[in-house]
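The block underneath contains the structure these notes are about, expressed in structure tokens.
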Amino acid sequence: ILNVEQSPQSLHVQEGDSTNFTCSFPSSNFYALHWYRWETAKSPEALFVMTLNGDEKKKGRISATLNTKEGYSYLYIKGSQPEDSATYLCAAYSGGGADGLTFGKGTHLIIQP
Amino acid sequence: KAGVTQTPRYLIKTRGQQVTLSCSPISGHRSVSWYQQTPGQGLQFLFEYFSETQRNKGNFPGRFSGRQFSNSRSEMNVSTLELGDSALYLCASSLLPHSGGGDKDYGYTFGSGTRLTVV
């Protein structure tokens, strides 16, 4: 079973500011890293799936990078908007038909107008 | 297209009872996974079904079981409910199972969950 850590646990950011947070995971037996956004009263929504070291993906103002050698991924939000307020989850998968996705506890992001 | 549908949305049960939760995946998705979220914990993997077969199982007692039907709909069952089973239960679907890393472009599509309260 993987150990996936996310930091910080929560974050308050002023509207318009950019921010980033971290997901760390064991670098051995790595197969894939997922990022999800989970807004209150909604379902978790997939943002990115990354598999290759050095991967960088972007969706609008949100982007993510992956370093599989050192076992971390960063999620960046540029020019935060109130609608970005949500919990951001990362999840790692080790492959080989193991234990499914192992989720971190999330970073709770609050954008203050 | 319709999303992942979970029923019921809310459920209150008494200790010792059993419960069945249902999940209908996105049309065409053949893999269904179940996760549990309790306060202070991340989502924890329960099990995964693909083509009516359980492929993986998380670290949960045997009271937690599931099945998948030929139309890919899945049910999970919890017998002899305990207070600690109170949680949000989410299911997620994808075209392929975990051995394929899920959908490499779209990850997993989650339902809205069933909130189970055991009293």
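The values are calculated or read from the model by the stated rules, or taken from the named source; none is laboratory data. Note that the coordinates shown come from a computational prediction; the quantities given were computed from them, not determined experimentally. Backbone-built Cβ (ideal geometry, glycine too); neighbour counts: all protein chains shown. Accessible surface is based on the protein model in full, side chains and every heavy atom, while ligands, DNA and RNA are left aside. Shrake-Rupley method; radii C 1.70, N 1.55, O 1.52, S 1.80 Å.
Interface between chains A and B: roughly 1700 Å² of accessible area buried, both sides summed (probe 1.4 Å, protein heavy atoms only).
If only the Cβ of Lys and Arg carry +1 and only the Cβ of Asp and Glu carry -1, the dipole of the protein assembly as shown around its Cα centre is close to 500 debye. Dipole magnitude for the stretch A:1-94: computed about the Cα centre from +1 point charges on Lys and Arg Cβ and -1 point charges on Asp and Glu Cβ, it is near 220 debye.
For the protein assembly as shown, pairs of C-alpha atoms spaced more than 26 angstrom apart make up 36 percent of the total. Over all projection directions, the Cα-based convex hull of chain B averages an area of 7.0 nm².
Taking the DSSP bridge list for chain B and keeping only pairs wholly inside it, about 90 percent are antiparallel.
Taken one residue at a time, the phi angles of the stretch A:74-85 give Karplus couplings (6.51, -1.76, 1.60, θ = phi - 60°) of 10, 10, 10, 10, 9, x, 3, 10, x, 5, 7, 4 Hz. Gly and Pro are set to x.
Roughly to the nearest percent, how much of the accessible area of the protein assembly as shown is carbon and sulfur, given a 1.4 Å probe? List each step's numbers first, then the result.
Numbers: 5010 of 10780 Å².
Roughly 47 percent, rounded to a whole number.
Modelled spin labels at B:T38 and A:E70, positioned 7 Å past Cα toward Cβ, are 3.5 nm from each other.
Please give the per residue accessible area of chain A, computed with a probe of 1.4 Å over protein heavy atoms only, in Å². Mind showing how you got there, number by number?
Values: 5340 Å² over 113 residues.
I get 47 Å² per residue for this part.
Just to verify a number: FRET efficiency for A:T22 and A:K59, C-beta to C-beta distance, R0 = 25 Å, to 0.05? Efficiency computed from Cβ-Cβ geometry: 0.85.
Note down the net charge around A:Y74, summing +1 for each Lys or Arg and -1 for each Asp or Glu among other residues with Cβ under 12 Å from its Cβ.
Here the charged neighbours net out to -2.
A Gaussian network model of chain B, with springs between Cα atoms under 10 Å, assigns the largest mean-square fluctuation among B:Q17, B:Q44, B:Q54 to B:Q17. What is the sum of charges, Lys and Arg at +1 and Asp and Glu at -1, for the other residues whose Cβ falls under 12 Å from the Cβ of B:T53? Neighbourhood net charge equals +2. What is the sum of charges, Lys and Arg at +1 and Asp and Glu at -1, for the other residues whose Cβ falls under 13 Å from the Cβ of B:L11? Here the charged neighbours net out to +2.
Put simply, what bits of the stretch B:34-62 lose 10 Å² or more of accessible area when the other protein chains are there, versus the chain on its own (1.4 Å probe)? Checking the loss per residue gives B:Y35, B:Q37, B:G40, B:Q41, B:G42, B:L43, B:F45, B:N56, B:K57, B:N59.
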